[in-house]
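Single-structure report; data block below.
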Amino acid sequence: MEGTRLNKIERLLQKELSELFRRQTAMMRGTLVTVSRVRVSPDLGVAKVYLSIFPSEKGKELIESIEKNKKTLRYDLGQIVRMQLRRIPELVFYPDDSLDYVENIDKLLKK
């Protein structure tokens, strides 16, 4: 039962963070930030957020910018999900490079 609850919370956080990033990156033409996965610790203290960034060249600087604005993002997320969650987890952001990995495998297979 605990796994089902965590899965629901992970999906909720993924959906709401995706919407926050969509609104913020709408002003930045040519940049797309997608929340590919969210993993929450069993005590709901930490949420690992995996971000897929296109184009991947901007990934490092965008992750650094997101890290600087982490408190604001957590506050905005808390305002959205305050009726569903009592405690908003601490957000930790990681780049999701699975698309780059798949692209690299495709290049190697074509050779």
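The values are calculated or read from the model by the stated rules, or taken from the named source; none is laboratory data. What you see is a predicted model, and the numbers here were worked out from it, not measured in a lab. Please note: Cβ atoms are built from the backbone with ideal geometry, for glycine as well, and neighbour counts cover all protein chains shown. The area values use the complete protein model at the heavy-atom level, side chains included, leaving out ligands, DNA and RNA. Shrake-Rupley method; radii C 1.70, N 1.55, O 1.52, S 1.80 Å.
Can you give the local net charge around residue 80? Use residues other than it whose beta-carbon is closer than 9 angstrom to its beta-carbon, Lys and Arg +1, Asp and Glu -1.
On the way: positive: 82; negative: 16, 19, 76.
So the surrounding residues net to -2.
Taking the Cα centre as origin and putting +1 on Lys and Arg beta-carbons and -1 on Asp and Glu beta-carbons, what dipole magnitude results for the chain, to the nearest 20 debye?
Details: 22 positive and 16 negative charges, 62 e Å.
Using only the charged Cβ atoms, the result is roughly 300 debye.
Just the number, please: carbon plus sulfur as a percent of the accessible area of the chain, 1.4 Å probe, no ligands or DNA/RNA counted.
Exposed carbon and sulfur together represent 54 percent of the surface.
What trypsin sites (Lys or Arg not before Pro) does region 5-44 have in DSSP loop regions with at most 16 other beta carbons within 10 Å? Walk me through the numbers on the way to the answer.
On the way: sites: 5, 8, 11, 15, 22, 23, 29, 37, 39; in loops: 29.
Of the trypsin sites (Lys or Arg not before Pro), the ones in loops of region 5-44 whose Cβ has at most 16 other Cβ atoms within 10 Å are 29.
Heavy atoms only, probe 1.4 angstrom, no DNA, RNA or ligands counted: give me 19, 57, 10 ranked by accessible area, highest first.
From most accessible down to least: 57, 19, 10.
With r as the distance between the Cβ atoms of residue 11 and residue 56 and R0 = 35 Å, compute the FRET efficiency 1/(1 + (r/R0)^6) and round to 0.05.
With a Förster radius of 35 Å, E is 0.90.
Considering only protein heavy atoms, what per residue accessible area in square angstrom results for the chain with a 1.4 angstrom probe? Show your work: numbers first, answer last.
Values: 7930 Å² over 111 residues.
Result: 71 Å² of accessible area for each residue.
Need one value: the accessible area of residue 94 in square angstrom, 1.4 angstrom probe, rounded to the nearest 10.
90 Å²
Where in the chain are the helices, taken as whole DSSP H runs, whose Cα atoms extend 15 angstrom or more along the long axis and whose Kyte-Doolittle mean reaches at least -1.0?
Membrane-span-like by this criterion, though nothing is claimed about a membrane: 70-81, 98-110.
Over all distinct Cα pairs, what is the inverse of the mean 1/r for region 1-88, reported as the Kirkwood hydrodynamic radius in Å?
Averaging 1/r across every pair of different Cα atoms and inverting gives 13.7 Å.
Sorted by accessible area with a 1.4 angstrom probe, largest first, how do 16, 67 fall?
Most to least solvent-accessible, the answer reads 67, 16.
Fully extended, how many nm does the chain gain between residue 23 and residue 104 (0.36 nm per residue separation, minus their Cα-Cα distance)?
In short, 26.1 nm is gained.
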